[in-house]
Structure formats: structure tokens, C-alpha cells
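The values are calculated or read from the model by the stated rules, or taken from the named source; none is laboratory data. These figures come from a predicted structure and were not determined experimentally. All Cβ positions, glycine included, derive from the backbone under ideal geometry; neighbour counts span all protein chains shown. The accessibility values were calculated without ligands, DNA or RNA, using every heavy atom of the protein model including side chains. Shrake-Rupley method; radii C 1.70, N 1.55, O 1.52, S 1.80 Å.
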Amino acid sequence: MFTKGQIIFGVLFFIAFVVAMIFSYKKDKNMHVMFYKGSYKVLLGFIVFIVFLFAIKVFLKH
């Protein structure tokens, strides 16, 4: 499906992307703590909402 060159490019791109993301996060870590304090509550709310929708789907299917 993919050539050997495409697979190598994909793996190298993924590794470079992850390294860049880690470097960028470490660089902006102090700013994230200051500006995004409490953002875990929003993430938790989204997760609870998705679980709730999935539970409705499962219970109404039967």
C-alpha cells in the first residue's frame, strides 16, 4: 500500500513533530500554568458529556 520511502518519511515526520511539540510545550510551560489554570475542568466536562451520550446510546438501543 505504501512504498518504503513513504513509510520512512512518515516515521521521521512523526518523530520530528513529537520532538517539536515537546520543545514547544517546555518553552511555554510557565505561560500555560498562568493562563490555562483550571482548564482541566473543561476537559473533564467534555469527557463526562461523551460518556453520557454513549450511555444513552447503549441504554436506548435495547
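Shown for the chain: the carbon plus sulfur share of the solvent-accessible area, taken with all protein chains present and a 1.4 angstrom probe, equals 78%.
Once Rg and the Kirkwood radius are both taken over the C-alpha atoms of the chain, their ratio Rg/Rh works out to 1.25. When chymotrypsin sites (Phe, Trp or Tyr not before Pro) are flagged only if DSSP places them in a loop and at most 11 other Cβ atoms lie within 10 Å, the longest unflagged stretch of the chain comes out as 3-35. Put a dot 7 Å past the Cα of VAL48, heading toward its Cβ, do the same for VAL11, and the two dots end up 4.4 nm apart. Loop-located trypsin sites (Lys or Arg not before Pro) in the range 1-39 (DSSP state not H, G, I, E or B) with no more than 16 neighbouring Cβ atoms inside 10 Å: LYS37.
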